[in-house]
Amino acid sequence: HDALPILSYEIPRLVMAAVSSGSGKTTVVTGLLSALRNQGIKVQAYKIGPDYIDPGYHRLASGRPAHNIDTWLMSKETMVNTFIDTAQDMDVAIIEGVMGLYDGGRGGISSTAEIARLLQAPVILVIDCKSMGASAAAIALGFREYAKDVHIAGVILNRLGSENHQKMIEEAMAGIGMPVLGAVRRDNILTMPERHLGLLPVEENQDRQVVDAMGEAMGRQINLTALLQIAHNASPMAKISSQAEEYLQKVIVGRKRSFPDDFGKIKIGLAKDEAFSFYYPESLAVLERLGAKIVPFSPLLDSTLPDVDGLLIGGGFPEMFASKLEANKSMLAAIAQAARQGMPIFAECGGYMYLGQCLKDFEGRIFNMTGILPQQVQMNKKLQMVGYVEAELLQDCCIGQAGMKLKGHEFHFSAEIPGAGDVVGNRAFSFTRMRNNAVYPGGFVSDKGNVLGSYLHIHFAGCVEAATAFVGSCWNYNISRQDK
């Protein structure tokens, strides 16, 4: 791809990778962010892949919103440009990888290695050294040799048991010429509470004490000076021509010319509390660029909706707050009334559960939800789906017309109750699972087409046509209200 005729960007950056999931890289990265912030360094955090929970801890540690970068949810060009746009004014960018360094979707899409290549970023490999000695060096050597175009600049030894343990592995690393940039001892204090989707979301765990402890531990046990030097040695970057960005800019310019007095007056209500918290900051920023004002509200605590032209209800943990959601009958009624009046409502995963008839929790208790869409859902002890999907719209609706294809992901323990009430309705999508090409229906669209809910998570930076259509639907609803 040809670089745009703009200035190059000097962005100090590091990718923090691991041998596999469970190596402790989130703890290391969270502590590293906190340690750098404590030194007065402006650090911007990123998470590779579709993840909502880890970026919450990044935000708590760094003091600024963290961003997701992914080459399935968005194009490679959009990913690079999003990174540059959000990192260019920072002192350093720290990018946490996903799973193992070379793991990703089918064909390695959106793997940590792929992102590191595209961002031309040096990689620091976090190795869980528990129950391991010189074999850690063999692992590091194998990872370094596996792909020569991935620059592994050093390792951080994690979960060491003693000084002798550390020295043994450091000697082995010296034998292969691998810099050791940190040696972190095992410490049960440096752990965060978990639940079925992973870590407890930061919205429910605002305790900074554990984050401060991580910052102190990593600041003491990681060579921050050496890490920053490696980050500053990263080569300059340039933006890349992006069809999505060109399309978005064309729409924005056109709307500003056609509606100079009304651009920016559309308001979208954002369900935001402990039950619904899964949103990508840059995804919301796309809606704002299109002229929408984001207005947060709480399905848990608020008695009614704010004055808005549409609703966005993201994922989260409605199953953990089902009793409280059911008890807030005025909010349930307000959302149902808005749906009947034609307000555009777009819901993902947890939001989809909330728009259904009822929710059956892990204990088998049943709670009534808004009743807008026909499905009933139940929680399961086993993960029902995780992975990238392609979704084709089957109905005209608030985010586009039938036939539109979107790239997204699913991650949920709940599922529709088979045969519950002989569910019939307008299916929203035909999903294709990327790992095995399995095809199956998903979600529902209301009869009017103004409400759409499914288990699909999308990123509007990678689905700008859907973002444009949703803001347009909210715009049309605003006009219809004025006419009435």
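We did not get these values from a lab; they are worked out from the coordinates using the rules stated. Just so it is clear, the structure is predicted and the values come from calculations on it, not from any experiment. We place every Cβ from the backbone using ideal geometry, glycine too, and count neighbours over all the protein chains shown.
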Its Cα gyration tensor gives segment 203-353 an equivalent ellipsoid whose semi-axes in whole Å, largest first, are 36, 29, 11
Residue span Asp307 to Lys324: 0.36 nm per residue of separation minus Cα-Cα distance leaves a gain in nm of 3.8 nm
Stretched fully, the stretch from Lys382 through Glu145 gains (0.36 nm per residue minus C-alpha distance, one decimal, in nm) 81.6 nm
Stretched fully, the stretch from Asn188 through Lys250 gains (0.36 nm per residue minus C-alpha distance, one decimal, in nm) 17.1 nm
Phi-derived 3J(HN,Hα) across segment 330-339 with the Karplus relation (6.51, -1.76, 1.60, θ = phi - 60°), rounded Hz, x for Gly and Pro, is 5, 6, 4, 5, 5, 5, 4, 5, 4, 5
Sorted by chain and number, the residues with a modelled amide H under 5 Å from that of Val295, at a separation of 5 or more or across chains, are Ile268, Gly269, Leu270
Dividing the mean separation of Cα pairs under 8 Å (6+ apart) by the residue count of the chain yields a relative contact order in percent of 14 percent
Under 5 Å from the placed amide H of Ile69, counting only residues 5+ away or on other chains, we find Lys47, Ile48, Gly49
Residue by residue through segment 40-56, the couplings from Karplus 6.51 cos²θ - 1.76 cosθ + 1.60 with θ = phi - 60°, in Hz, x for Gly and Pro, are x, 8, 7, 10, 10, 9, 9, 10, 7, x, x, 9, 10, 8, 4, x, x
Distance in Å, no decimals, from the C-alpha centre of segment 373-406 to the one of segment 316-353 is 17 Å
About its Cα centre, the chain carries a charge dipole, from +1 on Lys and Arg Cβ atoms and -1 on Asp and Glu Cβ atoms, whose size in debye to the nearest 20 is 80 debye
XL table Lys250/Lys407; Lys272/Lys324; Lys42/Lys256; Lys272/Lys329; Lys25/Lys324; Lys239/Lys407; Cα-Cα > 26 Å flagged, in table order, is Lys42/Lys256; Lys25/Lys324
Rounded to whole angstrom, the alpha-carbon centroid of segment 211-271 lies from that of segment 51-88 at a distance of 7 Å
Relative to the chain, whose Cα atoms define the longest principal axis, helix 76-87 and its Cα axis are tilted in degrees, nearest 10, by 80 degrees
Convex hull around the C-alpha positions of segment 305-362: the volume in Å³ per residue is 81 Å³
Quick numbers on segment 357-461, Rg and Dmax over C-alpha atoms in Å, give 13.9, 39
Across the alpha-carbon set of segment 216-258, Rg over Rh with Rh taken as the Kirkwood radius works out to 1.43
Amide H proximity to Met404 below 5 Å, modelled H, separation 5+ or other chain, gives Leu393
By the C-alpha gyration tensor axes a ≥ b ≥ c (rounded if a/c is under 1.5, else prolate when a/b exceeds b/c, else oblate), the shape of segment 91-188 is prolate
Packing-ranked peptide list from 149-156, 299-306, 438-445, 96-103, highest mean Cβ count within 10 angstrom first, is 96-103, 149-156, 438-445, 299-306
Segment 277-341, convex hull of Cα, quarter of hull surface, nm² -> 4.8 nm²
On the formula 1/(1 + (r/R0)^6), with r taken between the Cβ atoms of Ser298 and Ala134 and R0 of 45 Å, the FRET efficiency rounded to 0.05 is 0.25
Gyration tensor on Cα atoms of segment 56-112, a ≥ b ≥ c root eigenvalues, a/c under 1.5 rounded, else prolate if a/b beats b/c, else oblate, says oblate
Between the Cα axis of helix 464-483 and the main Cα principal axis of the chain, the angle (0 to 90°, nearest 10) is 30 degrees
A correct Karplus calculation of ³J(HN,Hα) over segment 250-255, with 6.51 cos²θ - 1.76 cosθ + 1.60, θ = phi - 60°, whole Hz and x for Gly and Pro, returns 4, 5, 4, 4, x, 5
From DSSP H assignment alone, runs of 4+ in the chain each adding -39500 (n - 2.57), the sum over residues rounded to the nearest 500 puts [θ] at 222 nm at -10000 deg cm²/dmol
